[in-house]
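Every number here is computed from the coordinates shown, using simple stated rules; none is lab data. Small disclaimer: the values here were computed from a predicted structure and weren't measured. Here the Cβ positions follow ideal geometry from the backbone for every residue, glycine too, while neighbour counts run over all protein chains shown.
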Amino acid sequence: MAMQFQAKRSGWRTMALVFLLCLSGLGYGSAWAEQTNHLYSADVSAEQSRQQWQRAAFEQVVRRVSVDPQVLSHPAIQQERQRANTYVKQFEAIRTEQGAGVRVLIDQQKIQQLFREHQLPIWDSRRPQSLIWLVAQDSRGRQFVNQRQHELIVAVQQQATERMLPLVWPLYDMEDLLSLNETDVWAGFWQQIRSASVRYQADLIITAQLSEQQGESGVQYQLYWQLDQQGRVDRFELQATELTDLAEQWVDDLANQLAERYAVRYTEQSELLNLQVSGVASWADWVQLQRLMSRLPGVERLDLQQWSGQWLQLELQLAIARPEFMALLALEPRLSLLTPSPASGAMSLLPPAVQSSDAILLRFESP
């Protein structure tokens, strides 16, 4: 969705124009931009007709950004599938392990508009990084699974790449092993787990315990895993006879859990949100902040109300609900929420002309 920028005061109009000119000359080389491009890029087989690979690419992208596993059966999606060629922005021939292929870039704005028109939740914003501590138990006891070529890790990574989930695997070096052991992970001692995880700066922490049992029909694998989201721990259990099947279930369950939390549903009525942002000390900081805000889903318009010292007062026009927008803000490492309490003193740092009781207070960390 294109975002409009407005400056309230006439004195800011020149700044807004200069900003837009600067922005047009800057490359969007951020990790977020790269990830979003990948979300709307699909690799499909070239061993089919042009219409078939266009539809296959359309389906792949729609499944990836949707929350609903049955989204392809939606009447609107089925109708647009017949017009998949109108969603193709560009394509190129590629060579894959399976043979000749086509890399297709699907139009992001058209997909967003399709989902918005039919009130379908969409998850095409930054995906949170998940740190995974994995312990396996066998006849030798409990051990960290620290080999990247382990069958389960390889299968999990492949499935995560398909679902566009960024995963972080611990180094299991001396620093890790001195602060965390297998029993801590197996028993769910979250104080130790969170402490050992700080160095990786991941958005989410996952622990998993893998075990196997020999039954009459063969080996049965069990995976008990936990997801820590800002102090709330959810627990899940999976079973499968093959590690590849277990990995597919695991990643799909994780993707569905995160989609439910971070997907957005565009609303018919816009909502205004006031922000007061500290840490904007220079023109370069403002450019970086504007770029960050412009890439967030649901931001239709951004008004610069006032700039006083290192504080900016902004008004956003949102096309998504406020809680959904706040969940997206929490994923931005360069923005942190300030609590407007007397104890924190955050509110007192604002000049009197900028203070607003209903505004969200944020701190911006310049690069």
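For E260 and Q137 in one chain, what is 0.36 nm times their gap in residues minus the Cα-Cα distance, to one decimal in nm? Please report the intermediate quantities before stating the final value.
Details: separation 123, 0.36 × 123 = 44.28 nm, distance 3.14 nm.
Using 0.36 nm per residue and subtracting the Cα-Cα distance, I get 41.1 nm.
For a footprinting-style exposure proxy, rank Y87, Y224 by other Cβ within 10 Å, fewest first.
Sorted ascending by nearby Cβ count, the order is Y224, Y87.
Across 10 Å bins from the origin, how do the percents of Cα pairs in region 130-262 run, short distances first?
12, 46, 35, 7, 0
In nanometres, what is the gap between the two model label sites at Q158 and Q109, each 7 Å from Cα along Cα-to-Cβ?
3.8
Hey, got the Cα dimensions of region 227-343 along the principal axes, in Å, largest first?
Each principal axis gives a Cα extent; for region 227-343 these are 62, 37, 29 Å.
Order of 302-308, 185-191, 132-138 by packing, highest average Cβ count within 10 Å first? Intermediate values should be presented prior to the final figure.
Numbers: 302-308: 17.3, 185-191: 15.4, 132-138: 19.0.
The packing order, highest mean first, is 132-138, 302-308, 185-191.
Sort E59, E92 so that the residue with the fewest other Cβ atoms within 10 Å of its own Cβ comes first and the one with the most comes last. Can you show the working numbers first?
Values: E59 17, E92 9.
Ordered by Cβ neighbours within 10 Å, fewest first: E92, E59.
Count the net charge of all other residues whose Cβ sits under 15 Å from the Cβ of L362, scoring Lys and Arg as +1 and Asp and Glu as -1. Intermediate values should be presented prior to the final figure.
On the way: positive: R322, R334, R363; negative: D285, E315, E332, D358, E365.
Local net charge: -2.
Which stretch or stretches of region 213-234 have amide N atoms under 18 Å from the point lying 7 Å from A187's Cα along the Cα→Cβ direction?
226
DSSP loop GluC sites (Glu not before Pro) in region 240-342 with at most 11 other Cβ atoms within 10 Å of their Cβ, which ones? Mind showing how you got there, number by number?
Details: sites: E242, E248, E260, E268, E271, E300, E315, E324; in loops: E242, E268.
Within region 240-342, the qualifying GluC sites (Glu not before Pro) (loop, at most 11 other Cβ atoms within 10 Å) are E268.
Under a point spin-label approximation (7 Å from Cα along Cα-to-Cβ), what is the V198-S49 distance to one decimal in nm?
6.1
Distance in nm between label sites at R81 and E216, each 7 Å beyond Cα in the beta-carbon direction?
Each label point is offset 7 Å from its Cα along the Cβ direction, giving 4.1 nm.
Subtract the Cα-Cα distance of S366 and Q306 from 0.36 nm times their separation in residues, and report this length gain in nm to one decimal.
Working: separation 60, 0.36 × 60 = 21.60 nm, distance 1.92 nm.
19.7 nm is the gain from fully extending S366 to Q306.
Calculate the all-directions average of the projected area of region 118-194's alpha-carbon convex hull, and give it in nm². Could you put the intermediate results ahead of the total?
Numbers: hull surface 29.6 nm².
Taking a quarter of the hull surface, the average projection is 7.4 nm².
Could you let me know the centre-to-centre spacing of region 90-117 and region 149-190, using Cα atoms, in angstrom?
31
At a Förster distance of 35 Å, what's the computed FRET efficiency of E268 paired with L72, Cβ-Cβ distance as r, to 0.05? Display every interim value, and only then the final one.
Numbers: r = 25 Å, r/R0 = 0.70.
Efficiency at R0 = 35 Å is approximately 0.90.
Work the Kirkwood hydrodynamic radius out for region 41-117: mean of 1/r over every pair of different alpha-carbon atoms, inverted, in Å. All intermediate terms of the calculation are to be shown ahead of the outcome.
Numbers: mean 1/r = 0.0789 Å⁻¹.
After inverting the pairwise mean of 1/r, the radius is 12.7 Å.
Multiplying the sequence separation of L178 and S282 by 0.36 nm and subtracting their Cα-Cα distance, what value in nm do you get? Don't jump to the answer; show the numbers that get you there.
Details: separation 104, 0.36 × 104 = 37.44 nm, distance 4.25 nm.
Contour length minus Cα-Cα distance gives 33.2 nm.
Quick check on the exposure proxy: order L120, L312 from fewest to most C-beta atoms within 10 angstrom. Please list the in-between numbers first.
Values: L120 20, L312 23.
In order of increasing Cβ crowding within 10 Å: L120, L312.
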